[in-house]
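One structure below.
The values are calculated or read from the model by the stated rules, or taken from the named source; none is laboratory data. Not measured: the values here are computed from a predicted model. All Cβ positions, even for glycine, are placed from backbone atoms using ideal geometry, and neighbour counts span all protein chains on display. Surface accessibility is based on the protein's heavy atoms, side chains included, excluding ligands, DNA and RNA. Shrake-Rupley method; radii C 1.70, N 1.55, O 1.52, S 1.80 Å.
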Amino acid sequence: MGAITSAELNFLVFRYLQESGFVHAAFTLGYEAGIHKGGIDGNIVPPGALITIVQKGLQYIELEANTDENDQEVEKDFALLEPLEIITKDVEELQQIVKKRKRGRLQIDCDKDKGKAKECIEEHEHRLGGERERERHDKEKDQEMERDRTERDKVQEKEKEREKQHTDHIDKVKHEEDPLASGVTSGPKPMDVSTTSHEIFSADVTVLEGHSSEVFACAWSPAGSLLASGSGDSTARIWTIPDGPCGSIQSSPASVHVLKHFKGRTNEKSKDVTTLDWNGEGTLLATGSYDGQARIWSRDGELKQTLFKHKGPIFSLKWNRKGDFLLSGSVDKTAIVWDTKTWECKQQFEFHSAPTLDVDWRNNNSFATCSTDNMIYVCKIGDPRPVKTFSGHQSEVNAIKWDPTGSLLASCSDDWTAKIWSVKQDKCVYDFKEHTKEIYTIRWSPTGPGTNNPNQQLLLASASFDSSIKLWEVEQGHLLYSLAGHRQPVYSVAFSPDGEYLASGSLDQSLHIWSVKEGRILKTFRGSGGIFEVCWNKEGSKIAACFSNNTVCVMDFRM
C-alpha cells in the first residue's frame, strides 16, 4: 500500500474544514499549503473523506489488536477498545487490553448463566468441546446479539420519538408577544419545509456553467441585467442575463465575460476570487483575491486597475455610496481606503491584531471593520485612531453591517451571538443569544427610515451554522421568527428589494424563499451543491445563487 502524501493529507483537511463550515480556516490552509497546486481533482474525493479514513484506520488497528497467532477468530463487534487507546498505545499493549477485556466480558456472561459459570470458563480456557459445544456456543452468542440488537432498536425508536418531539417543539417558536408592525397579530407558526407544490423545478432555472471550481460570491449590477460571480478557479465572470423567463428553454443563452486573475495556469490558489462588489452606477466591478490584490474591471470585462498594497488575502471589498472611495479588508490585519480618482492608497488603517474579516461603510467617509481578534473599530478617513471601539464578542467577528440610516451597527460572531451597537454608547444596545452555533452572516431589511420602504418595520436577519435563520425587530430587541427549514449551516441570506421576502442558501443544497410577514417558506429550489451566496436583482424579479458544484443558478420570482 502506498503511503498518503502530505499534499493529499492537506487536501483532506482542507475539505474537512470546508464541509464543517470553517471557511476562514479553510481559506488560510488552502493559501499557505498551495492546495490547488497539488493537482488533486476534488470532484473524485467523496464528502467526509477524512472522517472515513480516520474511522477505517481506527478499525484496522483494533482489528489487528483483536488478532494474534493463537486467536485466528476476530470479534465481530469491535467494542473492546476506546479510540484514545488506539491512538496512544501500540499493538502489543492493545492485544493485552483486548485479552483482559475479553476475559472480563466472558466472566460477566458466564456469571449470568446460572450454575454454568465454571463450565463456561473451563470451556474457554481449555478450548474443550468439539463441534456440538461450538454450535451451542455460537447459538448462545447469536441469541445474545439478537437481544442486543432488539435493545438497540428499542433505544433508537425512543430516541427518534424524543427527537421528533424536540423538533416539533423547536418548530413552534414561542415568541408571540411581538407582532410585525404590518398588523400581523398571531405568533410565529411552525416552519415546515415546503412541500412539492412550492418547488422551483430545474426546468425553470437558468444554470450558468463555465467556472471550474467552487463559486464563492455573486452580485447583481445595480444597473441592467448583469450578474457577477467569483470563483476558486482564479476568475470572476460577468454574465448578461437575458430578459424573459429563466429556464432551459429560454430564447438566448447568457453571454459572459471572463475576468482572469492569473497569467498562464488557472489553478493558482493565490488567485482565488474571494469577494466582489459593484459601484453604485454599475459601471465598475471590484474584485478581491487571495493574492492580496484588488482589481477594477469595466462592465465589459476589461481590467482597468490593479491595486497593490495588502500583504495577504482580501476578504472584504466595498464601494462607498458616492463612489469616490473603495474600502478593502485583508488577512494582513489592515483596512485600506483607495481614492478612485487616482487609484492611490488614501489611508491604511492598522488597528486590528489579527485578520480583518469584514468592512462596511457607515457613510461616504466613515466605516467599521471587524476581525478574528474579536474587536470592532469605527474609523474615519483622516483620523489616525478609531473614532469608536466596540468590544464584547468572545470570539472572532464574522460580519458587520450598518443599518440604512448609519445609526446602528449589527455584528455576528463565532461566539453564537449577534449584537447591535450604537456610536452613542460603548456597550451593545442588544445582545441576541438565541442561536446555538456560530453565526456566519447578517443582513438588514431594506425597510424603515432611509429606505424606499419607510413605512415598514426595520428587521435584522441572522444566519447560523445551527441551520436556522432568525428575524429580529430592533426597536425592542425581540425575536420575531426562527426560520427552521434548512438542515445544514446557512451561509447567506438576502432580503428582496421591497423587504417582503427573504432568500436563504445553505450547505444542504437548498435555496428557500420565505415570507417575512408570515415567517414561512413560499418556494424552494434544490440544487446540486452547497450554496455560498444568494442575491436579488434590483427589481426583485430574479434570484441568483452560487454553488460549490462550480455553477451559478438564476431563477424567476413571482407570487
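Compute the distance in nm between two label points, each set 7 Å from the Cα along the Cα-to-Cβ direction, one at Ala203 and one at Arg526.
1.8 nm
Near Ala223, within a Cβ-to-Cβ distance under 12 Å, what is the net charge of the other residues, with Lys and Arg +1 and Asp and Glu -1?
On the way: positive: Arg299, Lys538; negative: Glu281, Glu539.
Result for the local shell: 0.
Ignoring ligands, DNA and RNA, please state the percent of accessible area on the stretch 198-556 from carbon and sulfur, probe 1.4 Å. If you can, show how the numbers build up before the last one.
Values: 5960 of 13200 Å².
C and S fraction of accessible area: 45 percent.
State to the nearest 20 debye the size of the charge dipole of the stretch 385-435 about its Cα centre, where the only charges are +1 on K and R beta carbons and -1 on D and E beta carbons. Could you put the intermediate results ahead of the total?
On the way: 7 positive and 7 negative charges, 62 e Å.
About 300 debye.
Near Phe22, within a Cβ-to-Cβ distance under 10 Å, what is the net charge of the other residues, with Lys and Arg +1 and Asp and Glu -1?
On the way: positive: none; negative: Glu19, Asp414, Glu438.
The answer is -3.
Given points 7 Å out from each Cα along the Cα-Cβ axis, report the Lys100 to Arg321 separation in nanometres with one decimal.
7.2 nm
Can you run phi through the Karplus equation (6.51, -1.76, 1.60; θ = phi - 60°) for the stretch 520-537 and list ³J(HN,Hα) in whole Hz, with x for Gly and Pro?
So the J values, rounded to whole Hz, are 9, 6, 9, 9, 9, 10, 10, x, 10, x, x, 9, 9, 7, 10, 7, 9, 6.
For the stretch 473-483, take each phi angle, set θ = phi - 60°, evaluate the Karplus expression 6.51 cos²θ - 1.76 cosθ + 1.60, and give the result in whole Hz per residue in order, putting x for glycine and proline.
Each residue of the stretch 473-483 in turn: 9, 10, 6, 10, x, 10, 7, 8, 9, 10, 8 Hz.
What full-extension length gain, to one decimal in nm, is calculated for Ser255 and Lys37 as 0.36 nm per residue of separation minus the Cα-Cα distance? Intermediate values should be presented prior to the final figure.
Values: separation 218, 0.36 × 218 = 78.48 nm, distance 2.99 nm.
Extra length from Ser255 to Lys37 when fully extended: 75.5 nm.
With unit charges on the beta carbon (Lys/Arg positive, Asp/Glu negative), name the residue among Leu458, Ile376, Phe349 whose Cα is farthest towards the positive pole of the charge dipole of the stretch 337-487.
Leu458
Can you give the FRET efficiency for Asn455 and Ser20, using 1/(1 + (r/R0)^6), R0 = 30 Å, r = Cβ-Cβ distance, to the nearest 0.05? Working shown, then result.
Details: r = 43 Å, r/R0 = 1.42.
So, using R0 = 30 Å, E works out to roughly 0.10.
Using r as the Cβ-Cβ distance of Thr405 and Thr5, and R0 as 45 Å, what FRET efficiency do you calculate, to the nearest 0.05?
Values: r = 55 Å, r/R0 = 1.21.
According to the calculation, E is roughly 0.25.
Hey, can you grab everything whose amide H is under 5 Å from the amide H of Leu284? Only 5+ residues off in sequence or another chain; H modelled, so Pro and N-termini drop out.
Counting only residues 5 or more places away or on other chains, the set is Asn279.
At 0.36 nm per residue, minus the direct Cα-Cα distance, what do Ser541 and Lys304 gain on full extension? Give it in nm, one decimal, please.
82.2 nm
Only Lys, Arg, Asp and Glu count, each charged at its Cβ (+1, +1, -1, -1), so figure out the dipole size of the stretch 198-556 about its Cα centre, rounded to 20 debye.
Around 640 debye, computed over the stretch 198-556.
Whole-Hz Karplus ³J(HN,Hα) for the stretch 354-368, in order, using 6.51 cos²θ - 1.76 cosθ + 1.60 and θ = phi - 60°, x for Gly and Pro?
Karplus-based 3J(HN,Hα) across the stretch 354-368 equals 7, x, 7, 9, 8, 9, 7, 6, 8, 8, 6, 9, 9, 7, 10 Hz.
For the stretch 438-559, what is the relative contact order in percent, using Cα pairs closer than 8 Å and at least 6 residues apart in sequence? Don't skip to the end; give the middle numbers.
On the way: 323 pairs, mean separation 19.8, N = 122.
Relative contact order, the stretch 438-559: 16 percent.
Could you compute the FRET efficiency for Ile381 and Lys424, with r as their C-beta to C-beta distance and R0 at 25 Å, rounded to 0.05?
On the way: r = 21 Å, r/R0 = 0.84.
With R0 = 25 Å, the Cβ-Cβ based efficiency is 0.75.
Charges only on Cβ, +1 for Lys and Arg, -1 for Asp and Glu: so what's the dipole of the stretch 394-506 about the Cα centre, in debye to the nearest 20?
40 debye
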